[in-house]
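The values are calculated or read from the model by the stated rules, or taken from the named source; none is laboratory data. Quick caveat: nothing in here was measured; it's all calculated off a predicted structure. All Cβ positions, glycine included, derive from the backbone under ideal geometry; neighbour counts span all protein chains shown. These area figures cover heavy atoms from the full protein model, side chains too; ligands, DNA and RNA do not enter into them. Shrake-Rupley method; radii C 1.70, N 1.55, O 1.52, S 1.80 Å.
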Amino acid sequence: MQVKVTVFKDYDEMSRAAADFVIDLIKANPQGVLGLATGSTPEGTYAEILRRKDELPDLSGLRTVNLDEYLGLAADHPQSYHYFMRKKLFDGLGLKPEQSFFPDGSNADPEAAHAAVIAYEHKLLELGAPFLQILGIGENGHIGFNEPASQFNTRTHVVNLSESTIQANSRFFNSADEVPKQAITMGVLTLMQASRILMLASGEKKAKALKGMIEGLVEPELPASILQMHENVNVFADEAAASLLSK
Ligand code: GLP
């Protein structure tokens, strides 16, 4: 199956359409597992879902899983992905902490991180495949924190963040020095298990990675290219991110 690409005029239009898409799938799967992503790209989608929360069914049976978490940040650190999700979505939806799952990145000690990796992979197996996994894309083509040249056959693991990811994410910290150097991420195999994938891409900076992902070879140098092998992927992009696509 080919990746289905829909291009929107701008970020707001893309975010509204993405919220529509997610709300419909939550309505069809209120007891299911929803896979979420962080980063600035899905923020508009989350805000729109919150604006339309009256349309949502009872969410007490929904479970959420997140792709990744920095290693060495406590869950209540303002730059942790736990904290981001709570502020941008979970509190507004009234989700209880026990409904949402993340890799535990709070202890960077290698043994503790290894235990967190195993625990998260087990939790994901126990929960079963998400009915939808939302993804962003890194400027270098990463998905989750699966950086270029990572293997495709990976499950949850610890990664060393690439210099370009550290630089790209430093905008959320006081300086690049404060960005953790490692993270725990779902592996490529893990995230490919979702029944559907919705990738969001906005802005000129994503255009090259998006073109490679959709029109290039499937290769570990561009981790997102593996999505060509998934049978149910939608890409929602704004015109700037889609500007290099050939049609
Ligand atoms: C981060 C996250 C990814 C995210 C990507 C793009 O490093 N680990 O899950 O998709 O980079 O982020 P943004 O949407 O802010 O451009």
Q: Positive end of the charge dipole of the stretch 130-242 (Lys, Arg +1 and Asp, Glu -1 on Cβ, about the Cα centre): tell me which of Ala209, Ala224, Ala183 has its Cα farthest that way.
A: Ala183
Q: May I ask for the Kirkwood hydrodynamic radius of the stretch 128-177, worked out over all distinct Cα pairs and given in angstroms to one decimal?
A: 12.5
**Q.** the stretch 33-147: equivalent-ellipsoid semi-axes (sqrt of 5 x gyration tensor eigenvalues, Cα, Å)
**A.** 23, 17, 14
Q) How much accessible area per residue does the stretch 127-247 have, in Å², with a 1.4 Å probe? A) 42
Q | Accessible area of the stretch 128-225 belonging to carbon and sulfur atoms, whole % at 1.4 Å probe | A | 50
Q: Can you pull the one-decimal nm distance between simple spin-label points at Asp10 and His77, each 7 Å off the Cα toward Cβ?
A: 3.5
Q: Take His77, His142 and sort them by solvent-accessible surface of the protein heavy atoms, 1.4 Å probe, largest at the top.
A: His77, His142
Q: Please go through the stretch 1-90 and write out the chymotrypsin sites (Phe, Trp or Tyr not before Pro) that DSSP classes as loop and that have at most 13 other C-beta atoms within 10 Å.
A: none
Q. Taking 1 over the mean of 1/r across every pair of different Cα atoms in the stretch 105-231, what Kirkwood radius in Å do you get?
A. 15.3
Q: Taking every pair of Cα atoms in the stretch 59-127, average 1/r, invert it to obtain the Kirkwood radius, and report Rg/Rh to two decimals.
A: 0.97
Q.
If I model the stretch 157-209 as equal point scatterers sitting on the Cα atoms and use the Debye formula, what is log10 I(q)/I(0) at q = 0.13, 0.21, 0.23, 0.24 Å⁻¹?
A. -0.47, -1.01, -1.06, -1.07
Q: Could you sort out which of Lys53/Lys247; Lys88/Lys211; Lys181/Lys205 sit more than 31 Å apart by Cα distance in this structure?
A: Lys53/Lys247
**Q.** Estimated inter-spin distance, Ala108 and Asp20, nm [label 7 Å along Cα→Cβ]
**A.** 4.4
Q) Leaving out ligands, DNA and RNA but keeping every protein chain, what accessible area does Asp109 have, in Å² rounded to the nearest 10, with a 1.4 Å probe? A) 80
Q. Can you give the direction-averaged projected area of the convex hull of the alpha-carbon atoms in the chain, in nm²?
A. 12.0
Q. Where nothing but the Cβ of Lys and Arg (+1) and of Asp and Glu (-1) is charged, how large is the charge dipole of the stretch 120-190 around its Cα centre, in debye to the nearest 20?
A. 140
Q) So how strong a dipole does the stretch 42-148 carry about its Cα centre when Lys and Arg Cβ are +1 and Asp and Glu Cβ are -1, to the nearest 20 debye? A) 400
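Using a simple charge model, +1 on the beta-carbon of Lys and Arg, -1 on the beta-carbon of Asp and Glu, nothing else, what dipole does the stretch 26-88 show about its Cα centre, in debye to the nearest 20?
140
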Q) Using a Förster distance of 30 Å, how high is the FRET efficiency between Arg51 and Arg171, based on the Cβ-Cβ distance and rounded to 0.05? A) 0.75
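Could you look at the stretch 21-127 and say what percent of its accessible area is carbon and sulfur, using a 1.4 Å probe and all protein chains?
Ligands and nucleic acids excluded, carbon and sulfur reach 52 percent.
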Q.
Could you tell me the center-to-center distance, by alpha carbons, between the stretch 183-232 and the stretch 60-116 in angstrom?
A. 22
Q.
Accessible area per residue for the stretch 1-108 in Å², computed with a 1.4 Å probe and the full protein assembly in place, what is it?
A. 45
**Q.** Sum of -39500 (n - 2.57) over DSSP H runs of 4+, divided by residues of the chain (222 nm, nearest 500)
**A.** -8500 deg cm²/dmol
